[in-house]
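Report on the structure given below.
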Amino acid sequence: VGDLINARREWNALIPKMNPADQNHAGYLVLQMGWTSQGIRIANEAGLFDNLDLRFPLVYPEVFRRISAITTVPHSFLIAIARQESAFDPQARSSANARGLMQLLPSTATAAAKRSGLRTPSAADLYNPVTNVEISGHHLARLMTRYGGIRPLVAAAYNAGQNRVDGWIKDASGTPVDIWIETIPFRETRNYVKNVLAFDQVYGQLLGNPTPMLQVHEATVP
(Lines give C-alpha, C1' and ligand atoms only; values in the text may rest on other atoms or scores of the structure.)
Protein backbone atom coordinates (compact mmCIF):
# COMPACT_ATOMS: atom_id res chain seq x y z
CA VAL A 1 0.00 0.00 0.00
CA GLY A 2 3.03 2.27 -0.19
CA ASP A 3 3.63 2.56 3.57
CA LEU A 4 7.37 2.00 3.25
CA ILE A 5 8.29 3.44 6.64
CA ASN A 6 6.28 0.87 8.55
CA ALA A 7 7.23 -1.83 6.05
CA ARG A 8 10.90 -1.17 6.80
CA ARG A 9 10.19 -1.38 10.52
CA GLU A 10 8.53 -4.75 10.05
CA TRP A 11 11.39 -6.10 7.94
CA ASN A 12 14.06 -4.75 10.31
CA ALA A 13 12.36 -6.51 13.23
CA LEU A 14 11.84 -9.74 11.30
CA ILE A 15 15.09 -10.34 9.41
CA PRO A 16 17.39 -10.86 12.46
CA LYS A 17 15.04 -13.60 13.70
CA MET A 18 15.27 -15.60 10.46
CA ASN A 19 17.69 -18.40 9.69
CA PRO A 20 20.10 -17.82 6.76
CA ALA A 21 17.99 -19.72 4.26
CA ASP A 22 14.88 -17.70 5.08
CA GLN A 23 16.88 -14.46 4.98
CA ASN A 24 18.00 -15.42 1.50
CA HIS A 25 14.42 -16.13 0.40
CA ALA A 26 13.24 -12.86 1.94
CA GLY A 27 15.87 -10.93 0.02
CA TYR A 28 14.76 -12.40 -3.29
CA LEU A 29 11.11 -11.84 -2.38
CA VAL A 30 11.56 -8.09 -1.90
CA LEU A 31 13.73 -7.94 -5.02
CA GLN A 32 10.92 -9.50 -7.05
CA MET A 33 8.55 -6.95 -5.53
CA GLY A 34 10.77 -4.18 -6.86
CA TRP A 35 11.99 -3.15 -3.41
CA THR A 36 15.60 -3.25 -4.54
CA SER A 37 17.13 -1.18 -1.77
CA GLN A 38 15.69 -3.45 0.89
CA GLY A 39 16.97 -6.54 -0.92
CA ILE A 40 20.47 -5.05 -0.88
CA ARG A 41 20.14 -4.21 2.79
CA ILE A 42 18.99 -7.72 3.69
CA ALA A 43 21.90 -9.25 1.77
CA ASN A 44 24.44 -7.02 3.48
CA GLU A 45 23.06 -7.35 6.99
CA ALA A 46 22.55 -11.11 6.69
CA GLY A 47 26.06 -11.62 5.37
CA LEU A 48 24.86 -12.96 2.01
CA PHE A 49 27.98 -11.63 0.35
CA ASP A 50 28.06 -14.15 -2.51
CA ASN A 51 24.50 -13.35 -3.62
CA LEU A 52 25.42 -10.93 -6.38
CA ASP A 53 21.85 -10.86 -7.73
CA LEU A 54 20.75 -9.37 -4.43
CA ARG A 55 23.73 -7.14 -3.72
CA PHE A 56 24.26 -5.83 -7.25
CA PRO A 57 20.96 -5.84 -9.14
CA LEU A 58 20.65 -4.30 -12.58
CA VAL A 59 17.70 -1.95 -12.35
CA TYR A 60 16.46 0.68 -14.82
CA PRO A 61 18.87 -0.84 -17.38
CA GLU A 62 17.65 1.15 -20.37
CA VAL A 63 17.83 4.42 -18.44
CA PHE A 64 21.44 3.91 -17.39
CA ARG A 65 22.45 2.62 -20.82
CA ARG A 66 20.88 5.57 -22.62
CA ILE A 67 22.25 8.24 -20.28
CA SER A 68 25.72 6.69 -20.43
CA ALA A 69 25.60 6.83 -24.23
CA ILE A 70 24.40 10.46 -24.23
CA THR A 71 26.86 11.77 -21.63
CA THR A 72 29.80 9.37 -22.28
CA VAL A 73 30.00 8.68 -18.54
CA PRO A 74 31.08 5.01 -18.30
CA HIS A 75 28.05 2.77 -17.93
CA SER A 76 29.30 0.81 -14.93
CA PHE A 77 30.52 3.97 -13.18
CA LEU A 78 27.12 5.63 -13.55
CA ILE A 79 25.43 2.59 -12.03
CA ALA A 80 28.04 2.38 -9.26
CA ILE A 81 27.28 5.94 -8.18
CA ALA A 82 23.56 5.11 -7.93
CA ARG A 83 24.32 1.91 -6.01
CA GLN A 84 26.41 3.84 -3.50
CA GLU A 85 24.13 6.86 -3.23
CA SER A 86 20.70 5.28 -2.74
CA ALA A 87 20.94 1.52 -3.28
CA PHE A 88 18.61 2.25 -6.22
CA ASP A 89 15.83 3.75 -4.11
CA PRO A 90 14.11 6.35 -6.33
CA GLN A 91 12.34 7.81 -3.30
CA ALA A 92 15.48 8.23 -1.20
CA ARG A 93 15.92 11.56 0.54
CA SER A 94 18.89 12.43 2.73
CA SER A 95 19.08 14.67 5.76
CA ALA A 96 20.78 17.22 3.48
CA ASN A 97 17.74 17.11 1.12
CA ALA A 98 19.49 15.17 -1.63
CA ARG A 99 16.90 13.23 -3.60
CA GLY A 100 16.34 10.22 -5.78
CA LEU A 101 18.51 7.49 -7.26
CA MET A 102 21.62 9.62 -7.59
CA GLN A 103 20.90 11.77 -4.51
CA LEU A 104 20.88 15.15 -6.23
CA LEU A 105 20.47 18.34 -4.25
CA PRO A 106 17.82 20.55 -5.88
CA SER A 107 20.40 23.35 -6.24
CA THR A 108 22.91 21.04 -7.93
CA ALA A 109 20.23 19.62 -10.19
CA THR A 110 19.05 23.08 -11.23
CA ALA A 111 22.58 24.22 -12.08
CA ALA A 112 23.41 21.00 -13.96
CA ALA A 113 20.16 21.12 -15.93
CA LYS A 114 20.76 24.74 -16.90
CA ARG A 115 24.32 24.04 -18.10
CA SER A 116 23.10 21.06 -20.12
CA GLY A 117 20.12 22.77 -21.73
CA LEU A 118 17.64 20.58 -19.89
CA ARG A 119 14.35 21.67 -18.36
CA THR A 120 14.75 22.97 -14.82
CA PRO A 121 13.43 20.23 -12.53
CA SER A 122 11.21 20.74 -9.54
CA ALA A 123 12.25 19.05 -6.31
CA ALA A 124 9.54 16.46 -6.93
CA ASP A 125 10.92 15.76 -10.42
CA LEU A 126 14.10 14.40 -8.82
CA TYR A 127 12.17 11.35 -7.63
CA ASN A 128 11.63 10.40 -11.27
CA PRO A 129 14.45 7.94 -12.13
CA VAL A 130 14.73 9.11 -15.74
CA THR A 131 15.04 12.78 -14.78
CA ASN A 132 17.35 12.07 -11.87
CA VAL A 133 19.80 9.89 -13.81
CA GLU A 134 19.77 12.22 -16.81
CA ILE A 135 20.68 15.30 -14.81
CA SER A 136 23.20 13.41 -12.71
CA GLY A 137 24.78 11.97 -15.85
CA HIS A 138 25.38 15.45 -17.23
CA HIS A 139 26.75 16.60 -13.87
CA LEU A 140 29.13 13.63 -13.78
CA ALA A 141 30.17 14.27 -17.39
CA ARG A 142 31.21 17.78 -16.42
CA LEU A 143 33.23 16.42 -13.49
CA MET A 144 34.83 13.82 -15.78
CA THR A 145 35.99 16.64 -18.06
CA ARG A 146 37.20 18.73 -15.14
CA TYR A 147 39.28 15.88 -13.66
CA GLY A 148 40.55 14.28 -16.85
CA GLY A 149 38.34 11.22 -16.55
CA ILE A 150 39.98 10.14 -13.28
CA ARG A 151 37.11 8.36 -11.58
CA PRO A 152 38.37 8.57 -7.96
CA LEU A 153 38.56 12.37 -8.26
CA VAL A 154 35.15 12.50 -9.92
CA ALA A 155 33.57 10.32 -7.23
CA ALA A 156 35.17 12.41 -4.49
CA ALA A 157 33.87 15.62 -6.08
CA TYR A 158 30.39 14.16 -6.49
CA ASN A 159 30.33 13.36 -2.78
CA ALA A 160 32.23 16.22 -1.17
CA GLY A 161 32.11 18.97 -3.80
CA GLN A 162 34.63 20.05 -6.39
CA ASN A 163 35.97 22.94 -4.32
CA ARG A 164 37.11 20.54 -1.62
CA VAL A 165 38.64 18.15 -4.14
CA ASP A 166 40.47 21.02 -5.84
CA GLY A 167 41.99 21.84 -2.46
CA TRP A 168 42.90 18.21 -1.76
CA ILE A 169 44.75 17.79 -5.06
CA LYS A 170 46.36 21.25 -5.09
CA ASP A 171 49.72 20.05 -3.76
CA ALA A 172 49.32 16.38 -4.62
CA SER A 173 50.42 16.35 -8.27
CA GLY A 174 52.23 13.12 -9.09
CA THR A 175 50.93 11.30 -6.02
CA PRO A 176 49.74 7.76 -6.82
CA VAL A 177 45.95 7.89 -6.82
CA ASP A 178 45.57 4.90 -4.52
CA ILE A 179 47.72 6.66 -1.94
CA TRP A 180 45.84 9.93 -2.49
CA ILE A 181 42.55 8.18 -1.74
CA GLU A 182 43.91 7.20 1.69
CA THR A 183 44.75 10.85 2.41
CA ILE A 184 41.22 12.15 1.81
CA PRO A 185 40.49 13.92 5.09
CA PHE A 186 36.79 13.00 5.23
CA ARG A 187 36.29 9.36 6.18
CA GLU A 188 32.86 9.39 4.52
CA THR A 189 34.34 10.52 1.20
CA ARG A 190 37.31 8.17 1.53
CA ASN A 191 34.99 5.19 1.97
CA TYR A 192 32.63 6.52 -0.69
CA VAL A 193 35.38 6.56 -3.31
CA LYS A 194 36.52 3.04 -2.41
CA ASN A 195 32.95 1.72 -2.58
CA VAL A 196 32.27 3.34 -5.95
CA LEU A 197 35.45 1.87 -7.43
CA ALA A 198 34.56 -1.57 -6.07
CA PHE A 199 30.99 -1.34 -7.35
CA ASP A 200 32.29 -0.14 -10.73
CA GLN A 201 34.42 -3.31 -10.87
CA VAL A 202 31.44 -5.55 -10.13
CA TYR A 203 29.11 -3.86 -12.60
CA GLY A 204 31.80 -3.84 -15.26
CA GLN A 205 31.96 -7.61 -14.93
CA LEU A 206 28.18 -8.01 -14.91
CA LEU A 207 27.85 -5.85 -18.03
CA GLY A 208 30.59 -7.78 -19.84
CA ASN A 209 32.99 -4.85 -19.87
CA PRO A 210 35.55 -5.43 -17.11
CA THR A 211 38.02 -2.65 -16.42
CA PRO A 212 41.05 -2.35 -14.11
CA MET A 213 40.44 -0.95 -10.65
CA LEU A 214 42.53 2.02 -11.77
CA GLN A 215 43.19 2.66 -15.44
CA VAL A 216 46.51 3.87 -16.82
CA HIS A 217 45.48 7.52 -16.92
CA GLU A 218 44.26 7.25 -13.32
CA ALA A 219 47.60 6.16 -11.88
CA THR A 220 48.65 9.54 -10.46
CA VAL A 221 47.06 12.82 -9.46
CA PRO A 222 47.54 15.33 -12.32
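What base-10 log of the normalised intensity I(q)/I(0) is obtained for the range 40-168 from the Debye formula, alpha carbons as equal point scatterers, at q = 0.10, 0.12, 0.18 Å⁻¹? The Cα Debye sum returns log10 ratios of -0.31, -0.45, -0.98. In plain terms, the chain from ASN191 to ASP22 could stretch by 57.8 nm, reckoned as 0.36 nm per residue minus the Cα-Cα distance. Heavy-atom accessible surface of the range 139-221, averaged per residue, reaches 49 Å², computed with a 1.4 Å probe.
The Kirkwood radius of the chain, taken over pairs of alpha-carbon atoms, gives through the Stokes-Einstein law at 10 °C and 1.306 mPa s a diffusion coefficient of 87 µm² s⁻¹. For the chain, the 222 nm mean residue ellipticity estimated from helices alone, with every DSSP H stretch of n ≥ 4 adding -39500 (n - 2.57) and the total spread over all residues, rounds to -18500 deg cm²/dmol.
Sorting the segments 107-120, 151-164, 188-201, 1-14 by their residues' average number of neighbouring beta-carbon atoms within 10 angstrom, most packed first, yields 151-164, 188-201, 107-120, 1-14.
Set the Cα radius of gyration of the range 1-84 against 2.2 N^0.38 Å, with N its number of residues, and you get 1.24. The shape of the range 170-222 comes out oblate: with a ≥ b ≥ c from the C-alpha gyration tensor, a/c is at least 1.5 while a/b does not beat b/c. Between amide H atoms placed 1.01 Å from N, distances below 5 Å from LEU104 occur with ARG99, all of them 5 or more places distant or on a separate chain.
Quick check: at a probe of 1.4 Å, how many percent of the accessible area of the chain sits on carbon and sulfur atoms? Carbon-and-sulfur percentage of accessible area, whole number: 53. Take the alpha carbon gyration tensor of the range 73-125, find the square roots of its eigenvalues, order them as a ≥ b ≥ c, and report rounded if a/c is under 1.5; if not, report prolate when a/b exceeds b/c, else oblate. Verdict is oblate for the range 73-125. With protein chains left intact and a 1.4 Å probe, residues in the range 45-103 average 44 Å² of accessible area per residue.
The values are calculated or read from the model by the stated rules, or taken from the named source; none is laboratory data. This is a predicted model, so every value here is computed, not measured. No Cβ is skipped: glycine too gets one built from the backbone with ideal geometry, and neighbour counts run over all protein chains shown. Only protein heavy atoms, including side chains, enter the accessible area calculation; ligands, DNA and RNA are left aside. Shrake-Rupley method; radii C 1.70, N 1.55, O 1.52, S 1.80 Å.
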